[in-house]
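The values are calculated or read from the model by the stated rules, or taken from the named source; none is laboratory data. Computed from a predicted structure; not experimentally measured. Reconstructed Cβ throughout: ideal geometry from the backbone, glycine too, with neighbour counts over all protein chains shown.
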Amino acid sequence: MEFTKLFTQTEADRVHEASLEILENVGMLVRNEKALSIFSANGCRVDMETKMVRFPREVVEKAIKTFVPNYTFTAQDPKFDVTMPGDRPIVVTGSSAPNVIDPKTGEERRATSTDIANIAYLINELPGFDVFSISTLADDAPEGQFSMSRFYPALKNCKKPVRSNTPNMEDLKKVLELGILVAGSEEAYRKRPFINHHYCPVVSPLTFDVESTEAVMYLTEQGLPVYGTIVPNAGMTSPLSLMGTLTLGNAEFLGLSTLIQMIRPGAPMIYAVLSTVADMRTGAYAPGAIETGMLQMGHTEMARFYNVPSGGYIGLTNAHSNDAQSGYETGMNTTAALLAGADLFNMGGLLGSLMAFDFGKAVIDNEIALMLKRMKKGFEYSEENLCLDLIGKIGPGGSYMDTEHTLKNMRSIAVLPKVATREMRRRWEDQGRPDAHSRAMKEVNKILIKPNKSRFTEELDAKVRGHFPGLVAGDVDWHL
Amino acid sequence: MSVQAIYDAVVEFDIGKVIDLVKAEVESGTNVSVILSDGLIGAMDEVGRRYTEGEFFVPEMLMAAKAMKAGLEVLKPLLSKGENIKKGTIIIGTVKGDLHDIGKNLVSMMMEGAGFEVIDLGVDVDTEKFLATAKEKNADIICMSALLTTTMPFMEVTIKSIREQGLKFKTMVGGAPVSEDFATKIGADGWSPDAPGAVETARRLTAR
């Protein structure tokens with residue numbers, strides 16, 4: 001499959017050059033002291049007073065030389081390991097929403113650790129999703145267990161790679177302790193680190209924060225999986241032109257990557273973004289806008305320029321219910337990103353620009369994910385697939401329905417959706433005219449009423465609960 | 001006549017023109033209060049109306065507020081002590097640990113546009129700094145913003161301190177994850193889902 005190209009080689013070169021100019025002449029404000037000294041020790045011009053860092057081009061170019069083209073998400077169960085770019089598109093749930101749409105009442109409320117357990121099990125079972133990024137926060141978290149109340153129910157109920165962030169180093173270290181406990185030993189965990197860490201250490205424009213930067217540096221030193229997302233917002237924190245925002249975001253990616261490569265040359269990274277255009281009528285945040293997809297396409301092309309995996313939060317929606325807007329915003333933006341060759345899609349399950357998880361939305365996004373994967377598989381060009389012999393055999397006027405060839409391909413050529421309806425109107429009316437959301441909720445129910453076979457064993461669970469007293473229950477609890 | 005020109009220049013956000021016109025008007029002997037109320041403040045009311053109608057976008061409103069402020073700077077030394085030109089004093093910042101300031105900046109600019117005196121403490125502001133500044137400036141409202149769900153608890157810390165110290169400052173909270181329920185739970189006096197609403201809430205809280 002050939003990917004969509006937006007820029008000529010000269011134009012892409014210019015975006016790169018312009019990014020280097022920004023880093024060299026404007027520089028970045030680095031609030032983290034340790035990052036300042038790393039930049040200073042590795043050839044950047046650092047003003048310790050103002051915390052401004054300027055990047056000579058050869059420093060950035062040296063970092064680019066050690067970029068690697070792959071990134072692997074390791075899972076508790078090795079059959080769920082995925083590597084970019086080979087396994088692309090890798091579809092990930094959207095993460096860290098404070099709220100959930102209550103599956104029973106349809107009302108928005110604060111999410112809990114039980115919601116996380118339910119969501120973890122659902123994502124484990126939905127084949128379109130490759131990585132479970134912990135979708136919500138847990139409002140019921142006991143004091144001091146903010147992150148444990150998220151990672152424990154997630155790991156307990158989902159064997160796919162789990163991804164999320166932590167607010168500070170203390171929480172991060174506790175989460176790693178949990179990982180080691182689940183793996184059986186530190187050695188086993190380091191061999192197969194099934195927790196992937198994600199942060200937004202760069203606050204646009206051109207600023208490194210303190211805590212997230214600290215976590216990224218620590219995990220990079222440790223050789224554990226971590227990557228950052230670059231999040232410029234055109235009109236607010238970046239210029240109100242797509243080229244300006246692409247270039248500023250590209251410079252910020254290079255700034256972050258330079259730090260990572262200084263710490264550990266060859267550390268795997270993802271060129272991940274959530275570049276958006278603000279709605280100038282109100283200043284509203286608009287991740288569902290079509291420009292988000294366009295910017296993702298541009299960044300993906302630049303990622304190819306550097307030969308690193310690309311992606312980001314693509315396929316989000318501003319819609320507050322699982323409706324047509326939710327579907328077209330997710331559908332159009334992810335399709336655009338896929339055609340440009342993006343590897344990673346942080347897209348599943350969230351409404352209201354990352355504010356609330358909706359179970360039905362997750363099931364519909366699963367279908368969108370399967371469609372994206374279908375598109376990526378493409379036409380599978382081959383002499384055999386031209387089917388010339390078969391066309392000759394059936395001849396004009398015949399039917400292909402009852403051939404061996406059709407029988408062989410009927411379960412694999414087309415996506416067979418569970419939510420999208422293909423029945424005649426009368427049958428649909430007889431079923432009570434269910435819309436896509438209610439059909440999706442039916443699928444959720446079908447999955448979640450069954451016991452979770454992927455749950456921790458009782459033995460492992462007892463070990464974890466013994467080690468961390470006062471943990472939330474972290475079990476699936478589902479009844480509509 | 002020329003007061004109308006000042007009004008027009010604010011609505012057209014022409015900063016240079018506003019300054020020149022206000023100076024000229026003062027020299028020609030027009031009452032300073034008239035320039036203020038009919039020229040500058042009247043124009044901002046019109047800007048507010050156009051914004052509400054969807055005719056003006058946020059950048060236009062912000063530019064108009066800048067033009068109004070420039071004119072106000074010319075008038076300030078001439079206003080008599082009793083003349084109350086500001087609606088109230090606002091202390092604003094993102095809470096400790098949070099560097100995300102887009103929303104806070106928008107609120108800050110819109111509050112200024114609406115005639116409040118705004119002291120913007122920037123990002124990563126702790127309770128001590130909020131309270132010390134509020135005391136120093138004799139503020140009416142402390143506005144706290146958070147984007148990260150992990151930093152929201154610091155809002156409650158500040159509100160508790162205000163109560164414990166028996167201070168009279170009103171509090172407002174906002175930011176994407178901050179809900180009305182949360183605001184009520186932590187005892188904030190005001191909350192708004194967006195920046196224009198924050199201005200309305202501030203007006204309500206400072207109404208005398």
For a quick check of your reading of the model, give me the residue pairs whose first member lies in the stretch A:28-49 and is at pLDDT 95 or above and exposed (fewer than 14 other Cβ atoms within 10 Å of the Cβ), whose second is part of a helix (DSSP H, G or I) and of a type in the set (D, E, K, R), with beta-carbon atoms closer than 6 Å and at least 6 apart or on different chains.
none
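With a cut-off of at least 2 residues that are within 29 Å of A:ASN157 (Cβ to Cβ), name the helices (runs of 4 or more DSSP H) lying wholly within the stretch A:180-269. Before the answer, list the steps.
Values: elements: A:186-191, A:211-222, A:242-263.
The helices (runs of 4 or more DSSP H) meeting that bar are A:186-191, A:211-222.
May I ask you to list the residues in the stretch B:27-52 that are of a type in the set (Asp, Glu) and either within 11 Å of chain A (Cβ to nearest Cβ) or under 13 Å from B:PHE13 (Cα atoms) (or both)? Step through it out loud before you land on a result.
Of the stretch B:27-52, the ones of a type in the set (Asp, Glu) are B:27, B:38, B:45-46.
Result: B:GLU46, single match.
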Of all residues in the stretch A:130-154, count the ones that are aliphatic (A, V, I, L, M), more than 12 Å from every other protein chain (Cβ to nearest Cβ) and over 17 Å from the mean Cα position of the chain (by Cα).
1
The one condition B:THR151 fails out of (1) out of contact with any Ser or Thr (no Cβ under 7 Å at 6 or more places or on another chain); (2) surrounded by 15 or more Cβ atoms within 10 Å (Cβ to Cβ); (3) away from chain A (no Cβ under 12 Å); (4) in a loop (DSSP other than H, G, I, E, B) is (3)
Residues (in contact with an Asp or Glu (Cβ under 8 Å, 6 or more places away or on another chain), at pLDDT below 90 and not β-branched (Val, Ile, Thr)) located in the stretch B:138-180
B:LEU147, B:LEU148
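Specify the residue that is farthest from the other protein chains (Cβ to nearest Cβ); the eligible residues are those in the stretch B:180-196 that are part of a helix (DSSP H, G or I) and not β-branched (Val, Ile, Thr).
B:ALA183
Condition (residue is free of Cβ contacts under 8 Å to residues at least 60 places away in the same chain, surrounded by fewer than 17 Cβ atoms within 10 Å (Cβ to Cβ) and within 30 Å of A:LEU137 (Cα to Cα)) applied to the stretch A:18-26: is it met by at least one residue? It would help to see each step written out before you state the result.
So the first thing to find is which residues in the stretch A:18-26 are free of Cβ contacts under 8 Å to residues at least 60 places away in the same chain, and the list is A:21, A:24-25.
Now restrict to residues that are surrounded by fewer than 17 Cβ atoms within 10 Å (Cβ to Cβ): A:21, A:25.
Next cut, within 30 Å of A:LEU137 (Cα to Cα) only: none.
No; the residues of the stretch A:18-26 include none that is free of Cβ contacts under 8 Å to residues at least 60 places away in the same chain, surrounded by fewer than 17 Cβ atoms within 10 Å (Cβ to Cβ) and within 30 Å of A:LEU137 (Cα to Cα).
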Residues satisfying the stated conditions in the stretch A:235-284, i.e. surrounded by fewer than 16 Cβ atoms within 10 Å (Cβ to Cβ) and modelled with pLDDT of 95 or more:
A:PRO239, A:LEU240, A:SER241, A:MET243, A:GLY244, A:ARG264, A:PRO265, A:GLY266
Pairs where the first residue, in the stretch B:94-105, is free of Cβ contacts under 8 Å to residues at least 40 places away in the same chain and the second is surrounded by fewer than 21 Cβ atoms within 10 Å (Cβ to Cβ) and basic (Lys, Arg), C-beta under 8 Å, 6+ apart:
B:LEU99/A:ARG31
From the list A:THR105, A:THR114, A:THR166, which residue is outside any helix (DSSP H, G or I), β-branched (Val, Ile, Thr) and away from chain B (no Cβ under 14 Å)?
A:THR105
Condition check for B:LEU121: within 17 Å of the chain's Cα centre (by Cα), more than 14 Å from chain A (Cβ to nearest Cβ) and over 28 Å from B:ASP8 (Cβ atoms):
yes
